[in-house]
Structures are given as structure tokens and as C-alpha cells.
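In what follows, a structure is listed as C-alpha cells, so that the remarks can point back to it.
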Amino acid sequence: MIWCSKKYVKSLEDIKHHIELNNKLRNCKYDTLINTIFYGIKGCGKKTIVKAYVDNLITSYFNVKLEDICETMNKIKCKTNKKTEIFKYSKTKYYYVIDMIKLGKKRLHFFDEFIKSIIQFKNVIGLPFNLIIIQNFDIFDYKLLTRFKQYSEKYHKYTRIICISNQPRKISKLTGYATIRIPQISKKETINIV
């Protein structure tokens, strides 16, 4: 769908559906951001809405242009069993993006190493907190979810996490997270968009 594509959506103003949700997200402020889970069915625009939302928070708080928020691919080396593997994640000057599906079956090793290298230390460039976006949060298994909860609680003072999930079943296992449901767009909204 056209409205889901990052090619066409650069900011919250470009999103012509979910008007009520869009207005609420525009009123949020970066310095009052709390851990949040966005969930909804596949294809409802979760990733696109979250990216536009986070970029809106950053541009208004830091007074930067949207073009200044450049996402780059980064690598981290992790020891998995007896060998070292390289895992990839995205990063901007203001936040990190981890897609759990791209990490494969050894995601627990990556998560531990990522936490050690990033979350345990206050943000080096002077941001109020580290912001981490976790895509495909619903594929967390029990062991990873338990570890995630421990890190999330331990480093909550200088880390904010936004999770994106297709299924809300793991949401109830996290305390202190705001939940935002992204509904499927209605036929009326689809007609207005097209």
C-alpha cells in the first residue's frame, strides 16, 4: 500500500489515516517519552508510524531538520558458542533500530552484547537517554523476554524502548510500558488516501 511505504511517508503530516492516533502522537514530547509498545496486524503501518513519530519527536526537541536524521547500518561482533559472528543493526545520531527477524536464531547473543556496549553507559553524545526501537518484538522467546525485562528495568533511567509487535500476547508480560494499538485502516480511510 502506498501509505505504508517509507518512500511516501517522511513525517506524521504525511500520514492521512489514523487521524486520532496521529494527533495524539503529534502532542507527545521527546523529554517525556516512556517505554512504549505499538501493536497491530501486519500491514497496518506500525513501522512507518513509529519512524514518523520518533522523527517528529527528535526534530521538535533538538530543532533539527528531517534530513539530518540519517540511518546507517552498523555491525557488532558477538561470541556465539565457540565462534564470533557479526550482527547488523541500524543507527542514527538519536536512536538505534533492531529488527529481531534479521538477527536469526542467535538473537540472544546479539541482545546481550548490544546491551553491554550501548545501554549500560549513558549516551555519549549528551542525549537525555538512549532510544532503542525494536521491530518484530513478538518473536522474543521466553528466555529473551526475561533478559529484556531485566535490562529494561535496570537501565530505565537512561534508556527508552519502543517495541513494534504484530501480536499483543507478550505485551502483558511487560510492566511500565504504554501500549498503542494501530488498527487496520477502514475502507473509508483507504478511499480517502487513494
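The values are calculated or read from the model by the stated rules, or taken from the named source; none is laboratory data. Fair warning: this is a prediction, and the values are worked out from it, not measured in the lab. Positions of Cβ are backbone-derived with ideal geometry, glycine not excepted, and every protein chain shown enters the neighbour counts. In case anyone asks, the SASA skips ligands and DNA or RNA and just uses the protein heavy atoms, side chains included. Shrake-Rupley method; radii C 1.70, N 1.55, O 1.52, S 1.80 Å.
Could you check Lys79 against (1) farther than 20 Å from Glu13 by Cβ; (2) assigned to a loop (DSSP other than H, G, I, E, B) and say which number it fails?
Here Lys79 clears every test but (2).
Report, by residue number, each residue of the stretch 32-65 that is open to solvent by less than 80 Å² (accessible area, probe 1.4 Å), of a type in the set (A, V, I, L, M, F, W, C) and modelled with pLDDT of 90 or more.
Leu33, Ile37, Phe38, Ile49, Val50, Ala52, Val54, Leu57, Ile58, Phe62, Val64
Can you name the residue in the stretch 69-79 that is open to solvent by 70 Å² or more (accessible area, probe 1.4 Å) and in contact with a helix residue (DSSP H, G or I) (Cβ under 8 Å, 6 or more places away or on another chain) and, of all such residues, is farthest from Leu131 (Cα to Cα)?
Lys79
Residue pairs, Cβ under 7 Å, 6 or more apart or interchain, first in the stretch 74-93 and touching a residue at least 24 places away in the same chain (Cβ under 8 Å), second among the charged types (D, E, K, R) and open to solvent by less than 80 Å² (accessible area, probe 1.4 Å). List them.
Note: pairs meeting the criteria are Ile76/Glu113; Cys78/Glu85; Cys78/Glu113; Thr80/Lys106; Glu85/Lys106.
Asn166 is checked against (1) at pLDDT below 85; (2) closer than 13 Å to Gly40 by Cα and fails just one. What number does that condition carry?
Among (1) at pLDDT below 85; (2) closer than 13 Å to Gly40 by Cα, the lone unmet condition for Asn166 is (1).
Name the single residue that is farthest from Asp141 (Cα to Cα) among those in the stretch 95-106 being assigned to a helix (DSSP H, G or I) and at pLDDT 75 or above. Give the steps one after another, and end with the answer.
Applying the first criterion (assigned to a helix (DSSP H, G or I)) to the stretch 95-106 yields 100-106.
Restricting the remaining residues to those that are at pLDDT 75 or above gives 100-103.
Values: Met100: 11, Ile101: 12, Lys102: 15, Leu103: 13 Å.
Per the criteria, the residue is Lys102.
Taking only the stretch 31-85 into account, find how many residues are closer than 18 Å to Gly126 by Cα and small (Gly, Ala, Ser).
The number of residues fulfilling the criteria is 1.
Only residues that are among the hydroxyl-bearing types (Ser, Thr, Tyr) and more than 24 Å from Phe62 (Cβ to Cβ): list them for the stretch 12-51, please. It would help to see each step written out before you state the result.
So in the stretch 12-51, the residues among the hydroxyl-bearing types (Ser, Thr, Tyr) come out as 30, 32, 36, 39, 48.
Selection gives Tyr39 alone.
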